[in-house]
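Quick notes on the structure that follows.
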Amino acid sequence: MGDTIVLFRTHYYDDYLGSLADKIILQTKCDVCFVVDEREKTVEIPQRFHKVSHTIEAITDLGIFTDCSNVFWRCGDYIFYNALKYFHEATLFWIIEPDILINFENLSDFFEPLAAKPEIDFLALLYGPRDSSWGHNFNAMKKFHDNVYGCSYSFMRLSREAVRYLLCERQNLTKKYFMTSENEEKLSEYFWPNDEGFTATKLFEAGFKIADMNSLGRIVYTAKSLYEGPFSPKKLAQLGHDNLIYHHVFTGKEYTRRALKSLEWENIAMSSTENFYNRFHRPDIYSSLAEEDSFEGIHEYIIRFSEILLERAWAK
């Protein structure tokens, strides 16, 4: 076991994830472990990889609150605590979600410069202060801290010391506010902090060394690479290696499903029809649908896109 381990946060395994894990092992000095949500079913992982089963029982055994909706979606930091039980000698822990693509020709070009900075306890995407526009995530942390910070939990790194500290903070919060029925201050699950706010705020308040990945002398993500998905790995491969991190990368029919989901989400979020049209009426989306799925996927997408435009026109 090396000093650094990359934890895949997932509920499934496929060839795409396997090839990425193999590439990490081959091209970097990192080890790999799949931390698999197995609440519904057992997921088979090839024996060449480490695996940790991520279940409610595994987390409650650590003395952490789990009685809230979408608990594993809200609390990605639980992945670190579960893995720490098995990899207590590792000093640096990465977490990567299945829809992340590190678009470097050789992954060592991404990981090695950061491995040379082990003193940074928390490396993140989109790290910074948050305000009330962050909604529930802000309100939950504001209950406990004056200053609220956030990040993306799709791809990040924590030191072992940071993981241990956050685990203790989750345990303390559980005991004080969420698990003791006699405590008059017992709070509802609404105030159980999500991973992004909890990690970023707690580590900032405790004085840990923190850095956004774009603050270390190179740009490794942009607003487009993180927000303008879904992206097709086949399409990105055709464009070449641009040394950026991409979020919301999907293959096959999952690409079509996510493209349709994006239509629905942004239809709610975007008030400007012109901006909505420009965001989703793009040649790269249509070609990606063809690459990953079929012309049936393009047809389904165009039909729903047209329906939304008509609904917006009628609403006026």
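No value in this document is a laboratory result; all are computed from the given coordinates. Since the model is a prediction, treat every value here as computed from it, not as a measurement. Virtual Cβ from ideal backbone geometry, glycine too; neighbours counted across all protein chains shown.
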Which angle between 0 and 90 degrees, to the nearest 10, do you get for helix 15-27 versus the longest principal axis of the chain when only C-alpha atoms count?
60
Difference of contour (0.36 nm per residue) and Cα-Cα distance, D61 to D15:
13.3 nm
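For the chain, what does the relative contact order come out to in percent, with C-alpha contacts under 8 Å and a separation of six or more?
Working: 463 pairs, mean separation 51.9, N = 316.
16 percent.
With a/c under 1.5 counting as rounded, go ahead and sort the range 53-128 into rounded, prolate or oblate using the C-alpha gyration tensor (a ≥ b ≥ c being the square roots of the eigenvalues; past the cut-off, prolate if a/b is larger than b/c, else oblate). Could the numbers behind the result be given before it?
On the way: a/c = 2.25, a/b = 1.73, b/c = 1.30.
The shape class here is prolate.
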What is the distance, in nm, between label points placed 7 Å from the Cα along the Cα-to-Cβ direction at D131 and at F295?
5.0
If N is the number of residues in the chain, what value comes out of its Cα radius of gyration divided by 2.2 N^0.38 Å?
1.05
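Rank the residues Y227, Y78, Y149 as a footprinting-exposure proxy: fewest other Cβ atoms within 10 Å of their Cβ go first. Show your work: numbers first, answer last.
Numbers: Y227 12, Y78 25, Y149 22.
Ordered from fewest to most neighbouring Cβ atoms within 10 Å, Y227, Y78, Y149 come out as Y227, Y149, Y78.
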Taking the Cα centre of each part, how many Å lie between the range 104-128 and the range 49-87?
24
Going through the cross-link list K117/K142; K51/K142; K117/K261; K29/K85; K85/K253, which pairs have a Cα-Cα distance over 28 Å in this structure?
K117/K142; K51/K142; K117/K261; K85/K253
Extension length gain for K143 and D3 (0.36 nm per residue less Cα distance), in nm, is 46.8 nm
By counting other Cβ atoms within 10 Å of each Cβ, how are R74, R257, R170 ranked from fewest to most?
R257, R74, R170
For the pair T273 and I302, how long in nm is the line joining their label points, each one 7 Å along Cα→Cβ?
2.1
Compare I95, I79, I303 in a GNM of the chain, Cα atoms joined below 10 Å, and give the one with the largest fluctuation.
I303
Please list the equivalent ellipsoid semi-axes of the range 174-316, computed as the square roots of five times the alpha-carbon gyration tensor eigenvalues, in descending order and whole angstrom.
37, 24, 15
Within a Gaussian network of the chain (alpha carbon springs, distance under 10 Å), most fluctuating of G229, G197, G207:
G207
Neighbours of L236 by Cβ distance under 14 Å: Lys/Arg at +1, Asp/Glu at -1, summed charge -4
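Between L310 and R257, 0.36 nm times their residue separation minus their Cα-Cα distance comes to what?
Working: separation 53, 0.36 × 53 = 19.08 nm, distance 2.11 nm.
Once the chain is fully extended between L310 and R257, it gains 17.0 nm.
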How many nm is it between the label spots at S53 and T91, if each spot is 7 Å from the Cα in line with the beta carbon?
3.3
Reachable aspartates and glutamates from K202, Cα under 17 Å, same-chain residues fewer than 8 places away excluded?
D77, D121, D131, D146, E161, E169, D212
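At a threshold of 8 angstrom on Cα-Cα distance, excluding pairs fewer than six apart, so keeping six or more, what relative contact order does the range 154-258 reach in percent?
On the way: 67 pairs, mean separation 18.9, N = 105.
Averaging sequence separation for qualifying contacts and normalising by length gives 18 percent for the range 154-258.
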